[in-house]
């Protein structure tokens, strides 16, 4: 368990020089980095103090202001918030107003009937727990993490409104809700003067459901930002799995990415995409991230990383040449769309 992260970090100068690194989030006053750092994987109890600290510091030194968490990130649940809170408290506290911290609630977090889903009881308890772990008075953005089919939408949404009015979050967001519930939620929040800042959904070359179902169009027309999680499909859209499943890869050790997904047909698709990226002078990951960022309405992509080398590769996607219409058409053809 991490006990101490050291002294105040001396940040890099010029970290905000690249103005093109930021997108406006919908019609709000918030600018988010095109590449944000997510702490879903690799920031649990088995993470090393040095790696956790170095990745957060490296991200911040390179202009990343948005750090995406959730109450259940770890493992065990809560660990990622605790680790990030220690880094902020011990070495980045002076820069709190330069950092945009998001967290979420809605997945199972503690025993009993109130540690899950979207009831007012659960959300109110969760934001308080998150703030204690993060050692913060407020978070910048608080999401409902998933759609709850049993709790009335008004109860969930009003809890979000009251969390903002209590000063525990500056903005609220919706993650992974279906189209009509999202439409209702945006309208409910707007009428109570706590507008939905952004929608977080899975969007990558292999999973375009949010676009196909109309969610991406909806949030764009409503002036709501869109933040993509899993833009690299948990590593599938990198060169890692072109020849099979390597040892120590996520697929070999993490149930969230099943080996059965990697069919011969998918490998053939991945190789074709990788060849295209190499022809452009990009890594596969850079081209995949660039593709997501070019979808109309996308504000930011959330990337994970095991080390600063992976993070640096992802950040460089912003400086890659835009994909042309012909290249976008070729990618669609490779994907069979």
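Identification of helices (runs of 4 or more DSSP H) wholly contained in segment 169-236 with 1 or more residues that are under 17 Å from residue 296 (Cβ atoms) and touching a residue at least 40 places away in the same chain (Cβ under 8 Å) yields 209-212, 215-221.
Scanning segment 93-129 for residues that are touching a residue at least 60 places away in the same chain (Cβ under 8 Å), within 19 Å of the chain's Cα centre (by Cα) and not in a strand (DSSP E or B) yields one hit, 106.
Among residues that are modelled with pLDDT under 95, over 26 Å from residue 224 (Cβ atoms), exposed (fewer than 11 other Cβ atoms within 10 Å of the Cβ) and touching a helix residue (DSSP H, G or I) at 6+ places or on another chain (Cβ under 8 Å), residue 248 is not included. Report yes if residue 192 is at pLDDT 95 or above and surrounded by fewer than 16 Cβ atoms within 10 Å (Cβ to Cβ), otherwise no. Against the criterion (at pLDDT 95 or above and surrounded by fewer than 16 Cβ atoms within 10 Å (Cβ to Cβ)), residue 192 qualifies. Within segment 262-273, not a single residue is under 28 Å from residue 186 (Cβ atoms), modelled with pLDDT of 95 or more and either in a helix (DSSP H, G or I) or out of contact with any helix residue (DSSP H, G or I) (no Cβ under 6 Å at 6 or more places or on another chain) (or both).
Residue count for segment 60-92, restricted to those that are in contact with a helix residue (DSSP H, G or I) (Cβ under 7 Å, 6 or more places away or on another chain) and part of a loop (DSSP other than H, G, I, E, B): 9.
A search for C-beta distances below 8 Å between a residue of segment 310-322 that is in a loop (DSSP other than H, G, I, E, B) and any residue that is surrounded by fewer than 19 Cβ atoms within 10 Å (Cβ to Cβ), counting only pairs 6+ apart in sequence or on different chains, returns 320/280; 321/280; 322/294. Within segment 119-137, not a single residue is touching a strand residue (DSSP E or B) at 6+ places or on another chain (Cβ under 8 Å) and closer than 25 Å to residue 217 by Cβ. Scanning segment 141-158 for residues that are in contact (Cβ under 8 Å) with a residue 40 or more places away in the chain and buried (at least 21 other Cβ atoms within 10 Å of the Cβ) yields a count of 5. Scanning segment 22-45 turns up no residue that is at pLDDT below 95, over 17 Å from the mean Cα position of the chain (by Cα), buried (at least 16 other Cβ atoms within 10 Å of the Cβ) and under 19 Å from residue 135 (Cα atoms).
Scanning segment 64-82 for residues being touching a residue at least 60 places away in the same chain (Cβ under 8 Å) and closer than 19 Å to residue 313 by Cβ gives a total of 3.
Restricting attention to segment 274-294, the residues that are part of a loop (DSSP other than H, G, I, E, B), surrounded by fewer than 17 Cβ atoms within 10 Å (Cβ to Cβ) and in contact with a helix residue (DSSP H, G or I) (Cβ under 8 Å, 6 or more places away or on another chain) total 1.
The values are calculated or read from the model by the stated rules, or taken from the named source; none is laboratory data. Because the structure is predicted, anything quoted here is derived from the model rather than measured. Positions of Cβ are generated from backbone atoms using ideal geometry, with glycine treated the same way; all protein chains shown enter the neighbour counts.
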